[in-house]
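Engineer: Here it is: the structure, laid out below.
Please treat every number below as a calculation from the coordinates, not as lab data. All of these numbers come straight from a predicted model, not from anything done at the bench. Virtual Cβ from ideal backbone geometry, glycine too; neighbours counted across all protein chains shown.
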């Protein structure tokens, strides 16, 4: 099979073509779609999901799932919001936020790797516990009125593109390389394809799992910092449903929910597709309630296309 | 033999006497179930409910779902029925879905009320209404019209698409809109009680309609969201945000000029009135048509509309730069 056929048959390509088609439709229907301010909005809505999807892609490649990222994001919002409120130095805010996410993620990793509790159970439990912690910490009050001067990470732009998207892009490049060419990256696929074979051939299962869950937590934390930067408000329900956006992006982007297959770029495309649909529906003034139907159908159809093509989801 | 009987009767009487204070002192337990916990608006209602409970010598139970989840809310009400509270007031997330569980509560002899948002109209004993729906809708529209200089396009960012009160306000806003022939509603969108989503939606709207002049944030989370979007888009002065929200969230935007005025009532008083009304009914009283009730502890004089079994807190309140600092909810 030559290279072109292989590219065309990938899910990433299908999603990419869908994005192009939709973009053309939206661009023809409304001149606002390709405006700089719209693209900039779209990208800043995309950044958080794209960043958390990096970790989620790896977790799902190992055959796991992490439904606690929304709560982790919420907790990271509380930590970063409180620190930004007292005008703490940005490096401290960044480290504290990443540290919070990392701690939750590593806890997930330890329970999955050492306790051998199924990932969906572990992270479901964690989701509830961390959300309870958020409520405890905020005591039902919101943090509001965080000054714009300290919200550069959410509001800042460079060359008209949101700062958060630049960071997301850099992270995607680094981790894509890592996943394809570094030993630990390859072991993520090995664990997902056949954990027993991976173990026999010298892959450290526990280290790999700790790494992917820890990374996912840290990145969800970072997405929380961006969220606070954008809104200037910390709600108790920050990040509720975020896990579903991230998982949808990853699955749409071609990562097999059974593990072993997937790419970070695919997840970015999945997230972009969802963001473009949401954005386009507002620009075209399509009634709001059809949005869920379209995105939901798209997720199921994209997996069905795989099955019809005989590649299946393994 | 006779003596034994006497002793037995004496013991019985004594033990009943000992037990009776325990029954007598059993305070009414009055529960309020908000649409969701952890947002400033319902926190303010909780504060008022607590204050009323202290003043009136009843026990106040405040519990609700963490998102505006219809099923969770029903589950929580079910649990309250099992616990055997004396009265349940609820701000339903879905006015119809709540009916069966409130019917069940009523069958157990529990006083059933709605507060903040109506629902289960055939079942509930009374609806404690913050302000008449038409007045809130009219006032919101009037404030928007004034801020937009009575002309131009505007959009509405609402929250839950099934929330009865929000939909009713929108209905009255549209009714009032007919008085402003130069204003045009371009779209209604939903942001599901999520500030970030309200910001996203409003930013997209600002892009989609370059000649937009106003945005209504229909609920307490979407109003600050649309105001933040106006601020972020650099459109202060061109686009004006308004809506129904709490002073603590809207204050920064009233100060920066994105919001000129917004509409609400006093949620602390509403929480107080809810508990007061529950106690009033539990004591065996009935509300009467057209009567203005003296409720010590709140600023307004609530009145009763018998046809709809509705107790109205008072007229809606308009907040602007002159009074936004006077409130801490």
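Engineer: Counting DSSP beta bridges in chain B, what percent are antiparallel, to the nearest 5? Can you show the working numbers first?
Structural biologist: Values: 8 of 45 bridges.
Percentage antiparallel, nearest 5: 20.
Engineer: Given the stretch B:232-329 reduced to its alpha-carbon atoms as identical point scatterers, what log10 I(q)/I(0) does the Debye formula return at q = 0.18 Å⁻¹?
Structural biologist: -0.84
Engineer: Moving to a separate point now. I'd like the orientation of helix B:267-282 relative to chain B: the angle between its Cα long axis and the longest Cα principal axis, in ° from 0 to 90, rounded to 10.
Structural biologist: Taking the Cα atoms of chain B, the angle to B:267-282 is about 30 degrees.
Engineer: If each of residue A:132 and residue A:197 carries a label point 7 Å out from its Cα toward its Cβ, how far apart are those two points in nm?
Structural biologist: 4.2
Engineer: Continuing with this model, one more query. Rg(Cα) of the stretch B:18-143 divided by 2.2 N^0.38 Å?
Structural biologist: On the way: Rg = 15.6 Å, N = 126, 2.2 N^0.38 = 13.8 Å.
That ratio works out to 1.13.
Engineer: A follow-up question, please. At what distance in nm do the modelled label points of residue A:299 and residue A:159 sit from each other, each positioned 7 Å from its Cα along Cα→Cβ?
Structural biologist: Reported label-point gap for residue A:299 and residue A:159 is 3.4 nm.
Engineer: Comparing B:80, B:311, B:56, which has the greatest mean-square fluctuation in the GNM of chain B with Cα pairs linked when under 10 Å apart?
Structural biologist: It is B:56.
Engineer: Then there's this: What list of whole percents do you get for P(r) of the stretch B:189-295, with Cα-Cα distances grouped in 10 Å bins up to the one holding the largest distance?
Structural biologist: 15, 37, 18, 16, 12, 2
Engineer: Let me ask something else. Name the residues of the stretch A:136-167 whose amide N is less than 11 Å from a point 7 angstrom out from the Cα of residue A:23 along the C-beta direction?
Structural biologist: none
Engineer: Moving on to the next point. Please report the Cα spread of the stretch A:60-129 along all three principal axes, rounded to whole Å, starting with the longest.
Structural biologist: 41, 20, 19
Engineer: Still on this structure: Per residue of chain B, what 222 nm ellipticity follows from adding -39500 (n - 2.57) for every DSSP H run with n ≥ 4, rounded to the nearest 500? Intermediate values should be presented prior to the final figure.
Structural biologist: Details: 10 runs with 143 residues, N = 329.
Rounded to the nearest 500, it is -14000 deg cm²/dmol.
Engineer: Hey, with R₀ at 56 Å, roughly what FRET efficiency would residue A:95 and residue B:6 work out to, going by the Cβ-Cβ distance, to 0.05?
Structural biologist: Values: r = 81 Å, r/R0 = 1.44.
Calculated value: 0.10.
Engineer: Oh, and also: With a bin width of 10 angstrom, please list the P(r) values of the stretch A:250-302 as percents of all Cα-Cα pairs, from the 0 bin to the one holding the largest distance.
Structural biologist: P(r) for the stretch A:250-302, in whole percents per bin: 24, 47, 23, 6.
Engineer: Same structure, new question: Set the Förster radius R0 to 22 Å, insert the Cβ-Cβ distance between residue B:186 and residue B:146 as r into 1/(1 + (r/R0)^6), and round the FRET efficiency to 0.05. Mind dumping the intermediate values first?
Structural biologist: Numbers: r = 19 Å, r/R0 = 0.88.
FRET efficiency, residue B:186 to residue B:146: 0.70.
Engineer: While we're looking at this one, here's another question. Roughly how tilted is helix B:222-232, in degrees to the nearest 10 and between 0 and 90, from the longest Cα axis of chain B?
Structural biologist: On a 0 to 90 degree scale, this one is about 30.
Engineer: Next question, about the same structure. Over the stretch A:1-96, with a single point scatterer placed on each C-alpha, what log10 of the ratio I(q)/I(0) does the Debye formula yield at q = 0.18 1/Å?
Structural biologist: So the normalised log intensities are -1.05.
Engineer: Still on this model: Counting partner chain Cβ atoms within 10 Å of every residue's Cβ in B:191-203, what's the average? Intermediate results must be reported in sequence, preceding the final value.
Structural biologist: Numbers: counts 1, 3, 3, 7, 11, 13, 4, 1, 7, 10, 5, 1, 10.
Average neighbour count from other chains, rounded to a whole number: 6.
Engineer: What is the Cα convex hull volume of chain A when expressed per residue in Å³?
Structural biologist: Details: hull volume 45.4 nm³, N = 314.
For chain A, the hull spanned by Cα atoms encloses 145 Å³ per residue.
Engineer: Determine the principal axes of the Cα atoms in the stretch B:134-264, then give the extent along each, sorted from largest to smallest and rounded to whole angstroms.
Structural biologist: 31, 29, 26
Engineer: Still on this structure, I have one more. With the Cα gyration tensor of the protein assembly as shown giving a ≥ b ≥ c as the square roots of its eigenvalues, does the rule (a/c under 1.5 for rounded; else a/b larger than b/c for prolate; else oblate) give rounded, prolate or oblate? Can you show the working numbers first?
Structural biologist: Working: a/c = 2.20, a/b = 1.39, b/c = 1.58.
Oblate, since a/c reaches 1.5 and b/c is not below a/b.
Engineer: Quick one: if the Förster radius is 51 Å, what FRET efficiency do residue B:168 and residue A:8 give, using the C-beta to C-beta distance and rounding to 0.05?
Structural biologist: Values: r = 53 Å, r/R0 = 1.04.
It comes out at approximately 0.45.
Engineer: I've got another one for you. If you average the alpha carbon positions of the stretch A:242-314 and of the stretch A:1-78, how far apart do those two centres end up, in angstrom?
Structural biologist: If you average the Cα positions of each part, the centres end up 8 Å apart.
Engineer: Here's something else I'd like to know. Note down the nm distance, to one decimal, between modelled labels 7 Å out along Cα→Cβ at residue B:134 and at residue B:83.
Structural biologist: 3.9
Engineer: May I ask you to list the residues of the stretch B:87-105 whose amide nitrogen lies under 20 Å from a point 7 Å from Cα along the Cα→beta-carbon direction of residue B:71?
Structural biologist: B:92-102
Engineer: Separation of the stretch A:158-187 and the stretch B:129-157 by C-alpha centroid, Å?
Structural biologist: Cα centroid of the stretch A:158-187 versus Cα centroid of the stretch B:129-157: 47 Å apart.
Engineer: On to the next question. In percent, how large is the relative contact order of chain A, given Cα pairs closer than 8 Å and 6 or more residues apart?
Structural biologist: Numbers: 539 pairs, mean separation 103.0, N = 314.
Relative contact order here is 33 percent.
Engineer: Please label the shape of the stretch B:79-130 as rounded, prolate or oblate, based on the square roots a ≥ b ≥ c of the eigenvalues of the alpha-carbon gyration tensor (a/c under 1.5 means rounded; beyond that, a/b larger than b/c means prolate, else oblate). Don't jump to the answer; show the numbers that get you there.
Structural biologist: On the way: a/c = 1.74, a/b = 1.48, b/c = 1.18.
Prolate is the answer for the stretch B:79-130, as a/c is 1.5 or above and a/b outweighs b/c.
Engineer: Determine by what factor the alpha-carbon radius of gyration of chain B differs from 2.2 N^0.38 Å, reporting the quotient. Present the calculation step by step, with values, prior to reporting the outcome.
Structural biologist: Working: Rg = 23.2 Å, N = 329, 2.2 N^0.38 = 19.9 Å.
Here the Cα radius of gyration is 1.17 times the empirical estimate.
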